[in-house]
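> Here it is, the structure in full.
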């Protein structure tokens, strides 16, 4: 999420700089350059907008977590520690793996929806999609206790209406 | 309350009738004098004073009175004091107009505008207390009919006899009105104890805002017409003095006596057609007496339809709040604001020395644009008002009935347990923020669940969802 936020801020900054440059160059009658900077500003603005929407969805996924797997201690290189941690969150509205987002249940009955879930000893298998495309995702769940798995399955059913098949426990 | 029990031994004088008669006299005073009244115009004309400053001051003061009254009037006793006291102050403040112009004219007019606004808003409480909900359209029609009849009489005297005699009659209306209002019962109880106030927890803010927008849009046209059409028939003083409001009264009388099941939205379309017809006639026809009869009949009858339409909605809305003075005053202030805005628009159009026909075309365009907004606004408003009654019915249901409701309407896909939880809270009239607080989730999560619920019920808004789920439960 931090990476998404950073990208959003970067694009917003670029858009602001582009607008200021375009206005300044336009005022100084450098119309070609002003047009180029205007185009850059517009493009950056659209990208910033896209990152804002991504951030909103990521926040929604994080706020409604069902299973959350933190990276094991020591697995993050020191130089990367201040950047995005690769936390995995399985939630009511999708999966968040670091800054990668898989969404479902955000656009009603006609959008992408969670179709099936299965939990084994190591992983949770999630099948989701719409009328055109279906994706199957495997995520390490990190759960070691039987009760924790049952609780997670119960919460998944409560939030998404999908009964997860539990195997190997 | 409005049954056959008489007051002071007069069986005919029920509390409802007393309030209608008393308020009609007050309203006749307002229509004939401070609120763009003919008496005020005639007096200013007699003294060769430019009217625009006085008219504007009175309207702004009236608007302020209507808007602020709900902040300090909350009981029947206070409302009665406000109406009576307001009428007394109006009486005193109107007296300088019998004498030569002085600063007291402007001061008096501002005072009259403000206190008369307060008195009108305070009457909203009596409208709710003395008239059952389904009869309020009749009470409103009665008030508008009687007050306009009185206004016509005063106008005729003021224009054809003497403005001072017209002023005397206006002031006399106040005195007579005070007598009837004084006879009205007013217990010391606070408002919620008197009538069955809806327990719906959803706020009245949004419907009221929608109503204000609706009233504002409707009355822009009235204000515009006063400025554009009236000056063209100034030469027909004798006819205009008495015929002006006759179609308005006739339209009110017809709608008042329509059966209760008549669809109000269809009447609104009739009004819209009439107002467009009025402008087209104004463009096509000449400026003779017969042309005036056609244009005025179409225009004022449409105004009558519109006015009674929103007055009755306002009357219905009084049940959804603890303090009816507030929505009543605010709703009427939107009317005043609309008249002011429409008047300013009309003045801007007419003061640019544009030929008459072009002025009418510009005015017609404005009218058409505003009228286009009316049907969707009306639809939203009706939906919101229905939802209020549905939500109050839902509040009175048992828990098992509440749970059953969500399974009785077919969905495109089954609701999840979480969505059912959110839906129950939506049907309880709770806002997204309240739901988020109750379920310990974020507001954006509630919004996402709500969007999914709308999609599953194939509806596009919360109002439509409530209406779809609860309309069959309330027997409406």
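> If each of residue B:431 and residue A:42 carries a label point 7 Å out from its Cα toward its Cβ, how far apart are those two points in nm?
Simple spin-label model gives 3.9 nm for this pair.
> Write down, largest first, the equivalent ellipsoid semi-axes of the protein assembly as shown in whole Å, where each equals the square root of 5 times an eigenvalue of the alpha-carbon gyration tensor.
61, 33, 22
> So what's the gap between the Cα centers of the range A:1-64 and the range B:10-54, to the nearest angstrom?
60
> With label points built 7 Å along Cα→Cβ from the Cα atoms of residue B:99 and residue A:97, find their separation and express it in nm.
For the pair residue B:99/residue A:97, the computed spacing is 9.1 nm.
> On to the next question. In the range B:433-466, which residues have a backbone nitrogen under 17 Å from the label point lying 7 Å from residue A:52's Cα in the Cα-to-Cβ direction?
Only B:444 pass the distance filter.
> Still on this model: By counting other Cβ atoms within 10 Å of each Cβ, how are B:364, A:53, B:213 ranked from fewest to most?
With the sparsest Cβ surroundings first, the list reads A:53, B:213, B:364.
> Let me ask something else about it. Semi-axes, largest first, in whole Å: what does sqrt of 5 times each Cα gyration tensor eigenvalue give for chain B?
Working: eigenvalues 359, 152, 75 Å².
Equivalent-ellipsoid dimensions as semi-axes: 42, 28, 19 Å.
> Another question, if that's okay. Suppose R0 equals 30 Å; then what is the FRET efficiency for residue B:276 and residue B:253 from their Cβ-Cβ distance, rounded to the nearest 0.05?
Details: r = 23 Å, r/R0 = 0.77.
Using R0 = 30 Å, I get an efficiency of 0.85.
> If you don't mind, there's one more thing I want to ask. When you look at the Cβ of every residue in A:153-159, what mean number of other chain Cβ atoms sits within 10 Å? Walk me through the intermediate numbers first.
Details: counts 0, 1, 1, 0, 3, 4, 6.
Averaged over the peptide's residues, the number is 2.
> Using just the helices of chain A, give the 222 nm mean residue ellipticity in deg cm²/dmol: DSSP H runs with n ≥ 4 each add -39,500 (n - 2.57), and the total is spread over all residues, rounded to 500.
Working: 3 runs with 74 residues, N = 169.
It lands at -15500 deg cm²/dmol.
> Moving to a separate point now. Kindly rank A:54-65, A:131-142, B:35-46 from highest to lowest mean number of other beta carbons found within 10 Å of each residue. Provide the component values of the computation, followed by the final result.
Working: A:54-65: 18.9, A:131-142: 12.6, B:35-46: 21.2.
Descending packing order for the listed peptides: B:35-46, A:54-65, A:131-142.
> Report the percentage of all Cα-Cα pairs in the range B:270-343 whose separation exceeds 15 Å, rounded to a whole percent.
Details: 1745 of 2701 pairs.
Roughly 65 percent, once rounded to a whole number.
> Can you give the Rg and Dmax of the range B:286-437 based on its C-alpha atoms, in angstrom?
Over the range B:286-437's Cα set, Rg and Dmax evaluate to 23.3, 72 Å.
> While we're on this one: For the range B:208-249, place one equal point scatterer on every Cα, skip the solvent, and apply the Debye formula. What is log10 of I(q)/I(0) at q = 0.17 Å⁻¹?
-0.60
> Here's another thing I want to ask about it. Using the Cα atoms of the range B:200-394 to build a convex hull, what is its mean projected area in square nanometres?
For the range B:200-394, averaging the hull's shadow over all directions gives 11.3 nm².
> Next question. Take A:42, B:126, A:128 and order them by how many other Cβ atoms sit within 10 Å, fewest up front. Intermediate results must be reported in sequence, preceding the final value.
Numbers: A:42 14, B:126 28, A:128 23.
Placing the least packed residue first, the sequence is A:42, A:128, B:126.
> Would you kindly state how much longer the chain becomes between residue B:379 and residue B:288 on full extension, computed as 0.36 nm times their sequence separation minus their alpha carbon distance, in nm to one decimal? Walk me through the numbers before you get to the answer.
Values: separation 91, 0.36 × 91 = 32.76 nm, distance 3.95 nm.
Result for the pair: 28.8 nm of gain on full extension.
> Could I ask something else about it? From other protein chains only, count the Cβ atoms within 10 Å of every residue's Cβ in B:431-444, then give the mean.
Partner-chain Cβ atoms within 10 Å, mean over residues of B:431-444: 1.
> Could you work out the mean count of beta carbons from other protein chains within 10 Å of each residue's beta carbon in A:55-63?
2
> Using r as the Cβ-Cβ distance of residue B:269 and residue B:50, and R0 as 35 Å, what FRET efficiency do you calculate, to the nearest 0.05?
Numbers: r = 40 Å, r/R0 = 1.14.
The value I calculate is 0.30.
> Any idea how far apart residue A:137 and residue A:115 come out in nm if each label point goes 7 Å out from Cα toward Cβ?
Result: 1.5 nm between the two label points.
> What is the order of B:419, B:358, fewest Cβ neighbours within 10 Å to most?
Numbers: B:419 22, B:358 12.
Going from least to most buried by this count: B:358, B:419.
> Moving on. Quick one: pull the percentage of alpha-carbon pairs in the range B:1-195 with a separation above 25 Å. Intermediate values should be presented prior to the final figure.
Details: 6372 of 18915 pairs.
Summing the P(r) tail past 25 Å for the range B:1-195 gives 34 percent.
> On to the next question. How long are the three semi-axes of the equivalent ellipsoid for the range B:414-470, computed from the Cα gyration tensor as the root of 5 times each eigenvalue, in whole Å, largest first?
Numbers: eigenvalues 57, 28, 19 Å².
Those come to 17, 12, 10 Å.
The numbers here are math on the coordinates, done by the rules we state, and not lab data. Given the structure is predicted, the values throughout are model-derived calculations rather than measurements. Virtual Cβ from ideal backbone geometry, glycine too; neighbours counted across all protein chains shown.
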